[in-house]
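Asker: Below is one structure. I have some questions about it.
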Amino acid sequence: MLIDIALDAVGSDKAPEPEIRGAILACRQLPVRVHLVGPQAELRDLLDEHLDNEDLPIVIHHASERIGMEEKAANAVRTKRDSSMRVGLKLVREGKAAGFVTAGNTGAAMATAKMVLGALPGVDRPALANPMPSSTGNPCVLLDVGANVDCKPQNLAQFALMGEMYARTVLKINEPRVGLLSIGEEETKGNDLTREAFPLLKALPIKFIGNVEGRDIFSGLADVIVCDGFVGNVALKTSEGVGRFVREVLRESLTRTVTAQVGALLSRKAFNEFRRRLDYREYGGAPLLGVRGVCIIGHGSSNDRAIFNGIRVAYEFAKGGTTERIEREFASYVKPKLSARDGKHHDAGADGLIQ
């Protein structure tokens, strides 16, 4: 059976070309049916050009509006009721798709997903969980990496729970080690947010190893690292920049120093493996944890390979029932919090970083 995945066809910086190509790659290699969401006429013409009479399980759902990278998330979500994000997420809510993938505006995607799908009980703010490469060969989950600019201590505690569950259910780590990203290992180090969050994480039923520093993201010291979205996004983008810099330096060095044919071949293989481990396009995007449904948010500069991997991640999430498992476990740990002011649930807002 094919698993249905909705794809925001006008989300990325160069949309819809990468989305069309990525959808075709996915349908050729995965048991999925891709639902392209965007302006129907434009998508149909481009799809016909690339398919060349090839019969693939790709369908189009019309959406007359798109949310740009530069738009304010809250305003765009309120005013653009026929956006590709809202239409795609409605397909998930209505059970017509098992997951949604977008490479669009991060804040808008988070806010729309929370509005259309709803948040899990006890989750004030969903978080983006991004797998980061480590020296051990196993990825480290960093969250939040951009959905929430400003966080409260209880938000970080919720991120820790969701990240720990994600590491267990998806990465198959029996007892994930959870660290709090700070500027020193000592409990007293950090800013007000990390110092206040520390005892909350310490009290959770997880393997909390205390504060970790930026260098520990890649060391394998922790399986899950928690931070607010501002810090996480800076760390993520800095890592991408360093990765590109190192790749260029290595490529130049290999070109200049390797002369033997066998040596060049071996070096090229090692270099390609190194590049693959650092390439965000191979990870396919960050799952938005804490909403009632599968939502994968990719990089704005995603190419067809990144879109393909985003669809792959959504497929794996849906096939494994990961969201449902996290929801069940989270519900057993955390009860929905009510406002002390009037006893009602309150939305945490739709702030976010734009990729």
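Asker: Where does the charge balance sit around residue 180 when Lys and Arg score +1, Asp and Glu -1, over other residues with C-beta under 15 Å from its C-beta?
Answerer: Details: positive: 152, 177, 189, 195, 202, 207, 215; negative: 144, 164, 185, 186, 187, 192, 196, 213, 216, 223, 228.
Here the charged neighbours net out to -4.
Asker: Using the crude model of +1 on Lys and Arg Cβ and -1 on Asp and Glu Cβ, and no other charge, please compute the dipole size for the stretch 32-148 relative to its Cα centre, in debye to 20.
Answerer: Working: 13 positive and 14 negative charges, 154 e Å.
The dipole of the stretch 32-148 has a size of about 740 debye.
Asker: If Lys and Arg each add +1 and Asp and Glu each add -1, what is the summed charge of the other residues whose beta carbon sits under 15 Å from the beta carbon of residue 4?
Answerer: Net of charged neighbours comes to +3.
Asker: Provide Rg and Dmax in Å for the stretch 3-127, with only Cα atoms included in the calculation.
Answerer: 14.3, 49
Asker: Okay, next question. Give, as ranges by residue number, the residues of the stretch 217-233 whose backbone N falls under 14 Å from the point 7 Å along Cα→Cβ of residue 171.
Answerer: Zone members listed by number: 217-227.
Asker: Can you compute the FRET efficiency between residue 332 and residue 245 using 1/(1 + (r/R0)^6), with r the Cβ-Cβ distance and R0 = 45 Å? Round to the nearest 0.05. Present the calculation step by step, with values, prior to reporting the outcome.
Answerer: Working: r = 44 Å, r/R0 = 0.98.
Once the sixth-power term is evaluated, E becomes 0.50.
Asker: Still on this structure: Per 10 Å bin, what is the whole-percent P(r) computed from every C-alpha pair distance within the stretch 83-238?
Answerer: Reading the bins upward from 0: 11, 40, 34, 14, 2.
Asker: At 0.36 nm per residue, and after removing the present C-alpha to C-alpha distance, how many nm does the segment from residue 115 to residue 189 gain when stretched out fully? Walk me through the numbers before you get to the answer.
Answerer: Values: separation 74, 0.36 × 74 = 26.64 nm, distance 3.63 nm.
Result: 23.0 nm gained on full extension.
Asker: How long are the three semi-axes of the equivalent ellipsoid of the stretch 76-171, in whole Å, if each is the root of 5 times an eigenvalue of the C-alpha gyration tensor, listed from largest down? The partial results should precede the final answer.
Answerer: On the way: eigenvalues 127, 51, 36 Å².
Sorted largest first and rounded, they come to 25, 16, 13 Å.
Asker: Next question, about the same structure. When you take every Cα atom in the stretch 157-214, what is the radius of gyration, and what is Dmax, the widest Cα pair distance, in Å?
Answerer: Answer for the stretch 157-214, Rg first and Dmax second: 11.4, 33 Å.
Only the coordinates and a few stated rules stand behind these numbers; no lab work does. This one's a predicted model, so the numbers in the text were calculated from it and none came from an experiment. Cβ coordinates were reconstructed from backbone atoms using ideal geometry, including for glycine residues, and neighbour counts include every protein chain displayed.
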